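Scroll down for the structure; my scribbles are underneath it.
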Amino acid sequence: MAQFVKSLIGVSNKAANLARAIRSEHALFELLVQEKTGDAKNKRFVQDFKTLGDVLIQEMVKHDLSAKFPEMKDHIFGEESNEFTNKLGESITVAVQSTVTDTSKLLSRVLDGNDEAAEILAKVLHQDVEEPQDETLSKLSLEVDINSLAIWIDPIDSTAEYIKGISDSKPDDGIYTVGLQCATVLIGAYDRQSGKSVIGVVNQPFLHLNTSTSK
């Protein structure tokens, strides 16, 4: 179980790297936002957006965890549809491919031929991120059969704050209620039969934010 938790944290750190990479280029980020429509739209909001960042993080988590834990492949789910529509109206199924080159080619289609941006994103998706070396984690002992678990991913919670990109917000008693610091990557494991939560990871990609660079 300790190795499983380390893997969840490791993949959340990789997701955080991707979230930061996407926000680092304003022009690129503007290309990646689209309004949700139809069944994907949350009726609580007048406008509800998803970003390619949401979809890429979700698909990367699926890809990486499935590679490490093949028995979980059909039990990893996420909040977002991995169908993304480019400006030509072409609907593309976004998924991490077997190589950087193949992933880059697919993303270039999403980004209307922006090969440079596609290559940057593909490299982040395929980079290796070290799992945490933490004594407490190594000693973690939970009597849980991984084969009984499923995964739910909320790739970028507080998407509105992520899109707005406010970098100079101030905390209230140590808690941020607005701004990039509110954006989180959430990965939770739950029991397949009962649906009860077992363990989860919350990663804040912008908690320690350089306000001049928004990184």
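The values are calculated or read from the model by the stated rules, or taken from the named source; none is laboratory data. Remember, it's a predicted structure, so these values are computed and weren't measured experimentally. Every residue, glycine as well, gets a Cβ built from its backbone with ideal geometry; the counts of neighbours run over all protein chains shown. Surface accessibility is based on the protein's heavy atoms, side chains included, excluding ligands, DNA and RNA. Shrake-Rupley method; radii C 1.70, N 1.55, O 1.52, S 1.80 Å.
Taken over the stretch 105-118, residues that are farther than 16 Å from N82 by Cα and in a helix (DSSP H, G or I) amount to 5. For the stretch 138-172, filtering for residues that are part of a helix (DSSP H, G or I) and without any contact (Cβ under 8 Å) to a residue 60 or more places away in the chain leaves 3. When A183 is tested against the conditions (1) touching a residue at least 60 places away in the same chain (Cβ under 8 Å); (2) out of contact with any Pro (no Cβ under 8 Å at 6 or more places or on another chain); (3) of a type outside the set (D, E), the lone failure is (2). How about the stretch 119-137: which of its residues are among the aliphatic types (A, V, I, L, M) and in a loop (DSSP other than H, G, I, E, B)? Passing the criteria: only V129. In the set (1) open to solvent by less than 20 Å² (accessible area, probe 1.4 Å); (2) in contact (Cβ under 8 Å) with a residue 24 or more places away in the chain, the condition left unmet by A122 is number (2).
Entry remark, the stretch 148-160: residues being modelled with pLDDT of 90 or more and either crowded, with 21+ Cβ neighbours inside 10 Å or more than 16 Å from I57 (Cβ to Cβ) (or both) number 5 in total.
Table: residues versus (1) modelled with pLDDT of 95 or more; (2) assigned to a helix (DSSP H, G or I); (3) open to solvent by 70 Å² or more (accessible area, probe 1.4 Å); (4) under 16 Å from A19 (Cα atoms).
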site: A67; (1), (2), (3), (4): no, yes, yes, no
site: K73; (1), (2), (3), (4): no, yes, yes, no
site: S81; (1), (2), (3), (4): no, no, no, no
site: L88; (1), (2), (3), (4): no, no, yes, no
site: Q97; (1), (2), (3), (4): yes, no, no, no
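Among the residues of the stretch 161-192, those that are at positive phi and either buried (at least 17 other Cβ atoms within 10 Å of the Cβ) or out of contact with any Lys or Arg (no Cβ under 8 Å at 6 or more places or on another chain) (or both) comprise D173, G174, G179.
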